[in-house]
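The values are calculated or read from the model by the stated rules, or taken from the named source; none is laboratory data. Keep in mind the model is a prediction, meaning the values are calculated, not measured. All Cβ positions, even for glycine, are placed from backbone atoms using ideal geometry, and neighbour counts span all protein chains on display. Please note that ligands, DNA and RNA were not included when accessible areas were found on the heavy atoms of the full protein model with its side chains. Shrake-Rupley method; radii C 1.70, N 1.55, O 1.52, S 1.80 Å.
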Amino acid sequence: MNDRLSADTALKRVRRGEFLLYSGDFHNAKQLLGAMSRRLPQPAKARSPLEAFRAERRARQLEHETLSRIVVSLDRDYRLGLARAPDTSLACLQVWGAPATDTTVVPLKQLLGMLGAAEWRRKGLAVPGLTGLLHPHYGVYLPTRTDYVELLLSLDEVKGKRVFDVGTGTGVLSFILLQRGAASVQATDCDSRAVACSRENAERLGLGERFQVTEADLFPKGTADLVVCNPPWIPEPPKNRVDRAVFDEGSQFLRRFLEGLSASLAPGGAGLLLLSDLAVLLGLRPAGWLEAEFERCGLAVQWARSTPARHSKAKDTSDPLHMARSRERTTLYCLRPVTR
């Protein structure tokens with residue numbers, strides 16, 4: 001297909017199950033995706049936050065499945081042979097490694113995401129409280145929400161502490177604690193991209209000697225003075241790899257973290273749990289569920305500090321989930337094992 005194909009025709013063809021190989025102008029291709037997206041059905045007005053959430057997820061899934069059927073072809077060096085196309089080689093190399101075939105076919109929507117991620121990785125991201133820039137990788141959750149970072153900055157007793165960071169992602173929480181005087185951090189993540197990303201960022205920030213990261217499920221071996229975790233906060237099934245940073249089906253990750261926390265704490269140690277209450281506001285989790293889980297796992301809340309959400313969607317009145325997001329709060333819980 002080329003620039004002569006209209007968005008209406010393209011949409012009809014992909015809805016029939018076709019994949020369309022684009023061969024026209026790069027900028028026109030991006031406009032085509034936008035025009036196709038605008039033609040997709042929008043969620044009906046919801047009667048509750050939960051209904052709005054379900055409808056929004058279905059709409060985003062439909063958009064992903066539809067637009068991913070517009071594909072482009074890359075050559076042996078990951079170059080895109082479209083008019084006015086940017087250099088795509090580095091972005092693809094960072095994600096896929098060296099090419100193994102003469103041609104790679106990729107959804108244009110995915111390639112645009114990879115190009116955007118490569119630019120973030122090149123420029124770096126400023127995070128409040130972090131000295132130096134964070135360089136996120138493609139496929140690793142981008143820490144643009146700062147409320148949980150600001151809560152962590154309120155900690156008084158950090159100096160000299162041995163820390164575990166469970167589900168480290170980019171490593172941002174580890175780096176803030178290290179820069180505030182923590183003796184060492186042992187971090188884990190179940191995603192190899194996050195492991196590579198956090199390790200690279202530790203070296204860039206000059207923290208490599210005090211930061212270790214391994215690909216693992218939940219806790220490192222041994223015990224620590226502080227165990228910090230900012231788990232996925234929506235108890236729903238993830239639909240892709242990046243979703244796992246936000247979606248935790250059946251709250252399995254959170255439950256297992258709470259169940260294993262006491263065994264990973266050194267005597268006198270504390271767990272630091274950062275969690276949004278959006279799931280409660282959406283009706284995905286009943287009020288009081290978290291407190292009941294603390295009790296079930298033999299944990300007591302020594303103190304808790306909360307802050308309202310400051311991300312852009314919390315202020316966007318056109319967002320279908322604005323009613324819930326405008327009331328969202330993130331809380332830092334300091335947890336200790338119950339002494340019997």
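Which members of region 49-93 meet the condition of being within 19 Å of residue 139 (Cβ to Cβ), of a type in the set (S, T, N, Q) and modelled with pLDDT of 95 or more?
Selection gives 68, 88, 89.
Within region 122-167, take every residue that is charged (D, E, K, R) and open to solvent by less than 40 Å² (accessible area, probe 1.4 Å) and give me the one that is modelled with the lowest pLDDT.
145
Identify, from the list 83, 91, 98, the residue that is touching a Phe, Trp or Tyr at 6+ places or on another chain (Cβ under 9 Å), open to solvent by 20 Å² or more (accessible area, probe 1.4 Å) and of a type in the set (Gly, Ala, Ser).
83
Could you tell me whether residue 181 is under 19 Å from residue 264 (Cβ atoms) and either surrounded by fewer than 22 Cβ atoms within 10 Å (Cβ to Cβ) or in contact (Cβ under 8 Å) with a residue 40 or more places away in the chain (or both)?
No, not satisfied.
Does region 37-60 hold any residues that are open to solvent by less than 70 Å² (accessible area, probe 1.4 Å) and farther than 22 Å from residue 240 by Cα, and which are they?
Within region 37-60, 46, 48, 49 qualify.
Residue 262 - would you say it is on the phi < 0 side of the Ramachandran plot, touching a strand residue (DSSP E or B) at 6+ places or on another chain (Cβ under 6 Å), open to solvent by 30 Å² or more (accessible area, probe 1.4 Å) and hydroxyl-bearing (Ser, Thr, Tyr)?
Yes.
Can you work out which of the residues in region 101-121 that are open to solvent by less than 40 Å² (accessible area, probe 1.4 Å) and among the aliphatic types (A, V, I, L, M) is farthest from residue 64 (Cα to Cα)?
118
Mind listing just one residue for me: the one in region 325-340 that is assigned to a loop (DSSP other than H, G, I, E, B) and out of contact with any Leu (no Cβ under 7 Å at 6 or more places or on another chain) and, of those, surrounded by the most Cβ atoms within 10 Å (Cβ to Cβ)?
This residue is 326.
Listed residues 175, 211; which is within 18 Å of the chain's Cα centre (by Cα), open to solvent by less than 20 Å² (accessible area, probe 1.4 Å), modelled with pLDDT of 95 or more and under 24 Å from residue 131 (Cβ atoms)?
175
Could you check region 61-79 and list, in sequence order, the residues that are open to solvent by 20 Å² or more (accessible area, probe 1.4 Å) and in a strand (DSSP E or B)?
73
Find the residue count for region 134-170, including only residues that are assigned to a loop (DSSP other than H, G, I, E, B) and under 16 Å from residue 246 (Cα atoms).
Qualifying residue count for the region: 13.
Restricting attention to region 293-309, does a residue exist that is on the phi > 0 side of the Ramachandran plot and open to solvent by 40 Å² or more (accessible area, probe 1.4 Å)?
No: zero hits.
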